[in-house]
Amino acid sequence: MRAVRLLAVGDIRAVEVDAPLPGPGEVLVRVLAAGICGTDRHLYKGEFPCAPPVTLSHEFAGVVIARGEGVSLAVGTRIACDPNIACGQCDQCLRGRVNLCARNIAIGIHRDGGFAECVTIPAHRAVETGGLHPHHAAFAEPLACTLHGVDLGQPIPGERVLVIGGGVIGLLAVQLARNAGAEVTLLTRHPAKRELALSLGAMQAVATEAEARDVLPNGADLVLECAGVADTVEMAPRLTRTGGRIVVLGVLPKGQKVQIEPFDLLFREIHLLHSFINPFTQSRATRMLSLKQIEVAPLISRVIPLAEAARAIAEPAAPGEVKVLVDPGLA
């Protein structure tokens, strides 16, 4: 079968591999849609730890076509993959902080993922999606990660929330904060993404820090940093009101540093938090997608075959592009 594998840092290609067989406790999934994530580009550049050679993609949906010993999940079940496999035994797992597991194994990072015709995953990482379109079900993982960040930020009705970054996480955050009853502003330099944010419920969309100051002269109660850029992380405290909160969801390259003034955070009692992956939020995300509480169809910029995935990961995202999906069924 065909799979898109990261063979080494800077070396990603579509290759022929043997089709996997499900072991005990596993299911074999025919992949119907897999999203290209910014983390995939970090992996390609060596900016995020992983274990090559490995088939990438931790955001995917498909259908169960075979099952291993001890699995009750029926063949034919539509699923979305919850990619993080916590050990359940380390100190963090025992505290309920499974996203901080010391021995976490991430599908598509440490073991083969969804940029392939088929993939095996532990059955307990398969979340049933019912009649949800697979192109939409592939958003379950990024929505689950965004849910965790918004949970940490705790927006309440009537608050002002500033989302920095108009990628998929930012545009999902806009909708989640809006659903919480907050007044939402998006900051992104891309005009098409500003228009998209307004159509998804943002009250305002601005291009610069100065424009954000104009519409939020006292700062935002909650800033959700979703761009993963040093400049925007440094900008976030300047756009947060006294007594406000910041949650950083964006992923910066490993080793990159930013400048923050601790005295400013202290004197204005700004809470600076970070959000990592999706602890116990994948099922919630899948239900929200099924109930159409979150719109994802407008976030799909294009759908490509497996043959084009390696190039799409290796090259920078096109201006205004939000989410590229890989459909292994396309020729």
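The values are calculated or read from the model by the stated rules, or taken from the named source; none is laboratory data. Not measured: the values here are computed from a predicted model. FYI the Cβ positions are ideal-geometry reconstructions off the backbone, even for glycines, and counts take in every protein chain you see.
Descriptive notes on the structure:
- Within this structure, Pro319 passes the test of being in a loop (DSSP other than H, G, I, E, B) and touching a residue at least 60 places away in the same chain (Cβ under 8 Å).
- Scanning segment 1-47 for residues that are in a loop (DSSP other than H, G, I, E, B) and closer than 12 Å to Ala116 by Cα gives Met1, Val17, Asp18, Ala19, Pro20.
- Residue match in segment 63-77 (condition: more than 17 Å from His124 (Cβ to Cβ), surrounded by 22 or more Cβ atoms within 10 Å (Cβ to Cβ) and touching a residue at least 24 places away in the same chain (Cβ under 8 Å)): no
- Criterion (on the phi > 0 side of the Ramachandran plot and either among the acidic types (Asp, Glu) or touching a strand residue (DSSP E or B) at 6+ places or on another chain (Cβ under 8 Å) (or both)) met by exactly one of Glu308, Glu321, Glu269, Glu261: Glu269
- Test for Ser57: is it assigned to a loop (DSSP other than H, G, I, E, B), modelled with pLDDT of 95 or more and surrounded by fewer than 21 Cβ atoms within 10 Å (Cβ to Cβ): no
- In the condition set (1) touching a residue at least 40 places away in the same chain (Cβ under 8 Å); (2) out of contact with any helix residue (DSSP H, G or I) (no Cβ under 7 Å at 6 or more places or on another chain), Asp18 is compliant with all but (1).
- Condition check for Gly255: part of a strand (DSSP E or B), surrounded by fewer than 22 Cβ atoms within 10 Å (Cβ to Cβ) and not assigned by TED's automatic domain parsing to the domain that holds Lys45: no
- When segment 228-250 is filtered for residues that are hydrophobic (A, V, I, L, M, F, W, C) and touching a helix residue (DSSP H, G or I) at 6+ places or on another chain (Cβ under 7 Å), the ones remaining, listed by number, are Met235, Leu239, Ile246, Val247, Val248, Leu249.
- Here Cys50 passes the criteria (1) touching a helix residue (DSSP H, G or I) at 6+ places or on another chain (Cβ under 9 Å); (2) within 19 Å of Ala123 (Cβ to Cβ); (3) not in a strand (DSSP E or B) except the one numbered (2).
- Scanning segment 190-233 for residues that are farther than 23 Å from Ile156 by Cα, in a loop (DSSP other than H, G, I, E, B) and either among the hydrophobic types (A, V, I, L, M, F, W, C) or not assigned by TED's automatic domain parsing to the domain that holds Glu159 (or both) yields Ala207, Val229.
- The residues in segment 181-212 that are hydroxyl-bearing (Ser, Thr, Tyr), in contact with a helix residue (DSSP H, G or I) (Cβ under 8 Å, 6 or more places away or on another chain) and farther than 19 Å from Gln293 by Cβ can be counted, and the count is 2.
- Flag for Thr232 being surrounded by 15 or more Cβ atoms within 10 Å (Cβ to Cβ) and either within 26 Å of Leu198 (Cβ to Cβ) or of a type in the set (Ser, Thr, Tyr) (or both): yes
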